[in-house]
Amino acid sequence: MLVTKPYDRDRAVQYAERWAFDRNPLFANFSGIGGDCTNFISQSVYAGSCQMNFTPEFGWYYMSSSDRTASWTGVEFFYNFMVANEGVGPYASEVGAGELDVGDVIQLGRRDGSFYHTLLVVGEENGMYLVAAHSDDAFNRRLDTYNYARIRFLHIEGVRIEVADRRDCFENLINGISL
């Protein structure tokens, strides 16, 4: 049975602060081979959720550079997983510009409609989001210092986890079938 737990925004931001200008040795560094931005944001979101989704191909997980889903490191795949996830792990909805909290995600895009960069919201200053990122390493960088043609905002709604279905226990117990 799936239940929802809160996403720990403070842990996501703490993680981003710790690793914004360094690389966690538990993860490969994709700088120079496509960029490390979504990998870093996935790490930060994982720090706030502590739940991966191990569904082959369409899940969201990282075990090694050769055992991971495209959604862990790919901008569009990350977006698709977060907004469509109905299974375990974090899930998000696309919202308007003023509806983000710390720990939420911003993606930057081109005029042609493609998106190329993923950022984590770590604060706000005078109505402007402050973000953390890899590839062009940053923490507390103002969003208005980036050049982009399109932008989208992802609010992490929560985290789903799998728990044992207690109703099965009750039904079996009350009917004298098993403990």
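Dividing the summed -39500 (n - 2.57) terms of all DSSP H runs of n ≥ 4 by the residue count of the chain sets its mean residue ellipticity at 222 nm at -7500 deg cm²/dmol. GNM remark for the chain: springs join alpha carbons under 10 Å apart, and the peak mean-square fluctuation among T145, T55, T118 falls on T145.
Charged neighbours of R11, selected by a Cβ distance under 15 Å, balance to -2 (K, R count +1; D, E count -1).
Let me know the shape class of region 47-146, please: from the alpha-carbon gyration tensor, a ≥ b ≥ c as square roots of the eigenvalues, rounded when a/c is under 1.5, otherwise prolate if a/b is greater than b/c, or oblate. Since a/c reaches 1.5 and a/b is larger than b/c, the shape of region 47-146 is classed as prolate. With the cut-off at 15 Å, report for region 113-155 the share of all Cα pairs above it, as a whole percent. Everything past 15 Å amounts to 40 percent. Within the set (1) 1.28; (2) 1.21; (3) 1.14, the number that Cα Rg over 2.2 N^0.38 Å takes when calculated for this structure is listed as (3).
Binning the C-alpha pair distances of region 32-98 at 5 Å intervals from 0 yields a P(r) profile of 4, 18, 30, 28, 13, 5, 2, 0 %, listed from the shortest bin outward. Between Y15, Y148, Y62, the residue with the greatest mean-square fluctuation in the GNM of the chain (Cα pairs under 10 Å linked by springs) is Y148. To the nearest 10 degrees, how steeply does helix 75-84 sit against the main Cα axis of the chain, on a 0 to 90 scale? So the inclination is approximately 40 degrees. Largest first, the extents of the alpha carbon coordinates of region 1-55 on the three principal axes equal 41, 27, 16 Å. Neighbours of S31, meaning other residues whose beta-carbon lies under 13 angstrom from its beta-carbon, give a summed charge of -3 when Lys and Arg score +1 and Asp and Glu score -1.
Extension gain for E17-M63 works out to 14.3 nm (0.36 nm per residue, less the C-alpha to C-alpha distance).
Largest GNM mean-square fluctuation among I161, I151, I106, using the chain with Cα springs under 10 Å: I151.
Bear in mind that the values in this text are calculations on the coordinates, not laboratory data. Bear in mind the structure is a predicted one, so any value in this text is a computation, not a measurement. Methodologically, a virtual Cβ is constructed for each residue, glycine included, from the backbone with ideal geometry; neighbour enumeration extends over all protein chains shown.
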